[in-house]
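Participant: Below is the structure I would like to discuss, written out as structure tokens.
The values are calculated or read from the model by the stated rules, or taken from the named source; none is laboratory data. The structure displayed is predicted, hence computed values, not measured ones. Positions of Cβ are generated from backbone atoms using ideal geometry, with glycine treated the same way; all protein chains shown enter the neighbour counts. Areas reflect the complete protein model, heavy atoms only, side chains present, ligands, DNA and RNA absent. Shrake-Rupley method; radii C 1.70, N 1.55, O 1.52, S 1.80 Å.
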Amino acid sequence: MSLAKPAMRGLLGKRLRFHLPIAFALSLVAAAAFKYGVTGPRKQAYADFYKQYDTTKEFNNMRDAGVFESVRTTGE
Amino acid sequence: MLHLTTGRVGCLLSKQAVVALTGSGARMSSHGHHEVSDSVDMSQPMYWDRLDTPLPDRPWKDVLDSTDKSLKQKEKGPWTALSKEEKIALYRLKFNHTYPEMKRPSHEWKTVIGGMFIFFGITGLVVFWQGHYVYPPQPHTFGEEWQAKQIQRMLDMRINPIEGFSAQWDYKNKQWK
């Protein structure tokens, strides 16, 4: 029974040559997914919110609800 | 009942000795030694069945009878002259378990899982008892009314109005989105 001699050298190099491109590609995919899935929508949500944000109106609403300590509610 | 004759005591002792030999050290039972001991003499070459260290310091059977000795003599010649049974017999002289025998699965996992669940149960009982007898009364801030007032105040303060808490509240219709 004559078996082939197993590979004795270059094992790490072989593993790296296989796994490093995959790791690199997967990291790029992860970064792209985060950019387009998380940070993109988040920036958009903030932009949309502040597009129609009426500062004075919100302030008066909060004031009437009584959450401020330095501003009295209207009508006091 | 404790008055055993010396003969009976001797019989008991030898039985226990045999049990100790076969039970505690399977690796010792093929070794020719005369004293009854549970501890291994570490100054002598040892036998072991280990997956990670395949070749022990000594063969399994040290004490060879005449058939074994003649087989060992035949081993010194060309191995093509050995039959299959003889090769297997030589293997069994040298080793106790084969690799598949060493790797055989056991029922230990049932004991482990069972023990785990027993301790989970005991812990559960302890926790329940603790909740009943040890804990002080809950703070008043945990009550339904207080929680409702708290949520209302958070909405009034516009907590996280863009992506978080207040973003889920419809201020026009006074309800959750």
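Participant: Taking B:K110 as the anchor, which lysines have their alpha carbon closer than 24 Å to its alpha carbon, excluding any fewer than eight residues away along the same chain?
Facilitator: none
Participant: A further question on this structure: Applying 1/(1 + (r/R0)^6) with R0 = 22 Å to the Cβ-Cβ distance of B:L82 and A:A4, what FRET efficiency is obtained, to the nearest 0.05?
Facilitator: Values: r = 26 Å, r/R0 = 1.19.
According to the calculation, E is roughly 0.25.
Participant: By a straight-distance test (C-alpha under 17 Å), which aspartates and glutamates pair with A:K43 as possible cross-link partners, with residues fewer than eight away in the same chain excluded?
Facilitator: Hits, sequence-local ones excluded: B:E163.
Participant: Another question, if that's okay. If you find the alpha carbon centre of region A:15-71 and of region B:112-140, how far apart are they in angstrom?
Facilitator: One Cα centre to the other: 41 Å.
Participant: So, one more: Magnitude of the Cβ-charge dipole of region A:14-65, K/R +1 and D/E -1, about the Cα centre, nearest 20 debye?
Facilitator: Values: 9 positive and 4 negative charges, 127 e Å.
So the magnitude is around 600 debye.
Participant: I've got another one for you. Take A:Y36 and B:V134, extend 7 Å from each Cα along the Cα→Cβ direction, and tell me the distance between the two endpoints in nm.
Facilitator: Distance between the two pseudo-spin positions: 5.3 nm.
Participant: Follow-up question, since we're still on this one. Quick check: from the Cα gyration tensor, does chain A come out rounded (a/c under 1.5), prolate or oblate?
Facilitator: Values: a/c = 8.49, a/b = 4.65, b/c = 1.83.
Taking the square roots of the gyration eigenvalues as a ≥ b ≥ c, chain A is prolate.
Participant: Roughly how much of A:F34 is accessible, in Å² to the nearest 10, using a 1.4 Å probe?
Facilitator: 120 Å²
Participant: Say R0 is 45 Å: what FRET efficiency, to the nearest 0.05, do A:V29 and B:T141 get from their beta-carbon distance?
Facilitator: Working: r = 46 Å, r/R0 = 1.02.
The computed FRET efficiency comes out at 0.50.
Participant: Answer with one residue from B:P136, B:W146, B:I162: the one whose Cα lies farthest towards the positive end of the charge dipole of region B:136-176, charges on Cβ with Lys, Arg +1 and Asp, Glu -1.
Facilitator: Sorting the options by dipole projection puts first B:I162.
Participant: At a probe radius of 1.4 Å, what is the per-residue accessible area of B:D62, in Å² to the nearest 10?
Facilitator: 70 Å²
Participant: For the pair B:I159/B:Y91, report the inter-label distance in nm, with labels modelled 7 Å from Cα in the Cβ direction.
Facilitator: 7.1 nm
Participant: Rounded if a/c is under 1.5, else prolate if a/b beats b/c, else oblate: with a ≥ b ≥ c from the C-alpha gyration tensor eigenvalues square-rooted, which is region B:136-176? Let's see the in-between values first.
Facilitator: On the way: a/c = 3.35, a/b = 2.27, b/c = 1.48.
Note, shape of region B:136-176 comes out prolate.
Participant: Which FRET efficiency value, to the nearest 0.05, do you get for B:T67 and B:V112 by plugging their Cβ-Cβ distance into 1/(1 + (r/R0)^6) with R0 = 51 Å? Before the final figure, lay out the partial values.
Facilitator: Numbers: r = 44 Å, r/R0 = 0.85.
About 0.70, to the nearest 0.05.
Participant: Just reorder B:T80, A:T74 by solvent-accessible area, largest first, 1.4 Å probe, all chains present. Intermediate values should be presented prior to the final figure.
Facilitator: On the way: B:T80 130, A:T74 80 Å².
Highest to lowest solvent-accessible surface, that is B:T80, A:T74.
Participant: Ignoring everything except DSSP H segments at least 4 long, calculate the 222 nm mean residue ellipticity for chain A; use -39,500 (n - 2.57) per segment, divide by total residues, nearest 500.
Facilitator: Numbers: 3 runs with 47 residues, N = 76.
That comes out to -20500 deg cm²/dmol.
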